[in-house]
Amino acid sequence: MTKVLIVEDQKMARDNMVGYVEASENYTLAGTLKNAGSAEVFCASHPVDLILMDVCTEYDESGLEAAAVIKKRYPSIKIIIVTSMVECSFLDRAREASADSFWYKETETEELLNVMDRTMAGERVYPERTPEVKLGLTTSYHLTGTELLVLRTLMESGNYQEAADKIGCTERNIRFHLNNILDKTGYRNRFELCMAVSQKKLIIVDPDRELSE
Amino acid sequence: MSIFNIRKKLGPDAIRESLDNLPSGICFFDSNGFLKLCNRTMHKLSFELSGHDVQYLKEFEEVLKSPGNKCTRPMNGKYYFMADGTVWMFARKRILGAGYQRYTEYIASDVSELYARMDELGNNNKKLLEMASEIKKMSANVLTIAREEETLSMKMRVHDEMGRSLIAARRLLSQGVLLEKDNPVIESWKSTIELLKRGNDEPEKKDMLDELREACKGMLNIRLKGTLPEKEEAAYLIVVATRECVTNAMRYANATELFLEVTQNEGKAIAKITNNGTPPRGWIVEGGGLSSLRRKIERAGGLMEIRSLPTFELTVILPCDEWRLMT
């Protein structure tokens, strides 16, 4: 039986996943945690075969960071990153953390067991793209990777020069990309744009995170 | 038109007239400091600055340094604010005239519009900074909001699922169908009721230290002396430090017990963490985990100290009041 650790701080979501694990003949519950930071300690002390790891856990501790550490120390443990947020960087960051699979909570719950089965069979199950998010006159699919990076950096920095310094380009480049995004979305200014992006959770600012292209 | 004719047409009066028609002020002082030429605009300005006709360079420069009551020059800056609401800037230049005569040229430029735009830009920038700060605050709340939306979405799904199950069961029963144990409707009801029951059966709320204790249960026991501070941030960081020590104690020292001693004194919490494992052989070099811990502690205004010999001890000092330990 595959021993499953569930790392999820939202009670109802956690209980739901526990329900599916306990109802399955192939899986047994190893434990539940609300905080991703404790997952490594749990894996050192208990047998775990599979982790269902939420991205944002208690005290904003990152499931992605925990996944990276666990995959390094315990490479045989499979990890499925689970989230309901459409934050555009999560898929790439999950891959960078060597997470085995990725699952969006908003999809049909039966798919979770399918993802778990396929992951334990050695498959890497990742959605092709993050869900499409409507942004004014356009959607997130029509913004380039560079545009998303510029937008994220502006939201983290608050001003053009700081954003330019973080990315390693000029202020003019930042303004150029921002103007392109405003043209595409139809928002009147950068603040309307940033408010919309924040509200739709397309970009969630994490000032502690190191930027990568 | 020949040069002879141009020279004939451009006499002193023509030059005077064209200078007087310039929107800027202009004047020239010779090498002895006497005023040689001054257009109407500059004449008007110098009168407003000084209250009288200015004829000498030294006098003119004194007036620019300390203008009269009809003009203000905030913080001895480069802008002169006149009584009529206009804003001016003065620029000096040394020039060489015919016969290598040296002159001092002063040009006064009306920068009223430019200044108004700069002022507007300054106000806009201030508003932008405020808005940027609001966006940062909002982003910090997004995670909290996202979690609550997720819970709400889950509850709505459960509610809808129960509703569908009820409708399906009622329809089947009204048709006289016997609902067998493995009927999908029964299965659906069962899982929904299990979910709700699980929610009600949840034991008393565990804090982060309790969760850490359970996480390392069977391998390492955490013994706490004292109490965690009431200030949430300080308590959280102490548990994070403990967690880091638990990981290292299990991995490197084969420890089975970890001792966390917390004292509080004069608005600060002091946590000392030791273990019963093998002492380090040499000085501990801070790897990723300890460096990350140090950054978190220092960002919170705290201090962290590691002692390697003769036994390992991690000390963390955190503020529990509003003031911070580090400048």
Discussion item. Is it the case, given these coordinates, that B:L179 is over 30 Å from A:Y160 (Cβ atoms) and modelled with pLDDT under 85?
Written reply: yes
Worksheet item: Would segment A:53-65 turn up any residue that is more than 19 Å from B:L143 (Cβ to Cβ), free of Cβ contacts under 8 Å to residues at least 40 places away in the same chain and more than 11 Å from the chain's Cα centre (by Cα)?
Response: no
Worksheet item: Based on what the data block shows, is A:G186 surrounded by fewer than 16 Cβ atoms within 10 Å (Cβ to Cβ), over 29 Å from B:S292 (Cα atoms) and either among the β-branched types (V, I, T) or at pLDDT 90 or above (or both)?
Response: yes
Worksheet, complete the sentence: Filtering segment A:44-64 for residues that are more than 9 Å from chain B (Cβ to nearest Cβ) and outside any strand (DSSP E or B) leaves a count of 7
Worksheet item: Residues of segment B:86-95 being within 16 Å of B:T41 (Cβ to Cβ) and surrounded by fewer than 18 Cβ atoms within 10 Å (Cβ to Cβ), which ones?
Response: B:T86, B:M89, B:A91
Worksheet entry | Matching residues, segment B:44-58, being surrounded by fewer than 16 Cβ atoms within 10 Å (Cβ to Cβ) and assigned to a helix (DSSP H, G or I) | B:K44, B:F47, B:K58
Item to complete: Mind listing whichever residues of segment B:296-311 are assigned to a helix (DSSP H, G or I) and within 18 Å of the chain's Cα centre (by Cα)?
Response: B:K296, B:E298, B:R299
Practice prompt. Read through the list (1) part of a helix (DSSP H, G or I); (2) more than 30 Å from B:G51 (Cβ to Cβ), then give the number of the only condition that B:G176 fails.
Written response: (1)
Item to complete: Assess whether B:Y103 counts as being at pLDDT 90 or above and in contact with a helix residue (DSSP H, G or I) (Cβ under 8 Å, 6 or more places away or on another chain).
Response: no
Discussion item. Checking the conditions here, which among B:R164, B:R94, B:R171 is part of a helix (DSSP H, G or I) and more than 14 Å from chain A (Cβ to nearest Cβ)?
Written reply: B:R171
Discussion item. Checking the structure you have, find out if any residue of segment B:107-116 is over 21 Å from B:L64 (Cα atoms), more than 14 Å from chain A (Cβ to nearest Cβ) and surrounded by 11 or more Cβ atoms within 10 Å (Cβ to Cβ).
Written reply: yes
Discussion item. Restricting to segment A:79-105, count the residues that are farther than 19 Å from A:R14 by Cβ and basic (K, R).
Written reply: 2
Worksheet item: Given (1) surrounded by 18 or more Cβ atoms within 10 Å (Cβ to Cβ); (2) not in a helix (DSSP H, G or I), where does A:N16 come up short, assuming only one miss?
Response: (2)
Discussion item. Given the options B:E148, B:E113, name the one that is among the acidic types (D, E), more than 19 Å from B:R40 (Cα to Cα) and modelled with pLDDT under 80.
Written reply: B:E148
Practice prompt. Determine, yes or no, whether A:Y141 is under 23 Å from the mean Cα position of the chain (by Cα) and either without any contact (Cβ under 8 Å) to a residue 24 or more places away in the chain or farther than 25 Å from B:K127 by Cα (or both).
Written response: yes
Worksheet item: Of everything in segment A:61-76 that's surrounded by fewer than 20 Cβ atoms within 10 Å (Cβ to Cβ) and out of contact with any helix residue (DSSP H, G or I) (no Cβ under 6 Å at 6 or more places or on another chain), which residue is farthest from B:V240 (Cα to Cα)?
Response: A:S76
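Condition check ((1) farther than 21 Å from B:S292 by Cα; (2) of a type in the set (D, E); (3) buried (at least 16 other Cβ atoms within 10 Å of the Cβ)) across all residues:
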| position | (1), (2), (3) |
| --- | --- |
| B:A234 | no, no, yes |
| B:T242 | no, no, yes |
| B:Y252 | no, no, no |
| B:V262 | yes, no, yes |
Fill in: Test: A:V133 is under 30 Å from A:V21 (Cβ atoms), aliphatic (A, V, I, L, M) and either over 14 Å from the mean Cα position of the chain (by Cα) or surrounded by fewer than 19 Cβ atoms within 10 Å (Cβ to Cβ) (or both)
no
Practice prompt. Being modelled with pLDDT of 90 or more and hydroxyl-bearing (S, T, Y) is the filter here, so list the residues in segment B:1-45 that pass it.
Written response: B:S24, B:S31, B:T41
Discussion item. I'd like the full set of residues that are over 22 Å from the mean Cα position of the chain (by Cα), farther than 23 Å from B:L22 by Cα and of a type in the set (S, T, N, Q), limited to segment B:101-138.
Written reply: B:Q101
Worksheet item: Tell me, which helices (runs of 4 or more DSSP H) wholly within segment A:117-207 include 2 or more residues that are more than 14 Å from chain B (Cβ to nearest Cβ)?
Response: A:145-157, A:160-167, A:171-185
Item to complete: Scan segment A:65-84 residue by residue and report those that are closer than 21 Å to A:A121 by Cα, among the small types (G, A, S) and either more than 13 Å from every other protein chain (Cβ to nearest Cβ) or assigned to a loop (DSSP other than H, G, I, E, B) (or both).
Response: A:A67, A:S76
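The values are calculated or read from the model by the stated rules, or taken from the named source; none is laboratory data. Remember, predicted model here, so these are calculated numbers, not experimental data. No Cβ is skipped: glycine too gets one built from the backbone with ideal geometry, and neighbour counts run over all protein chains shown.
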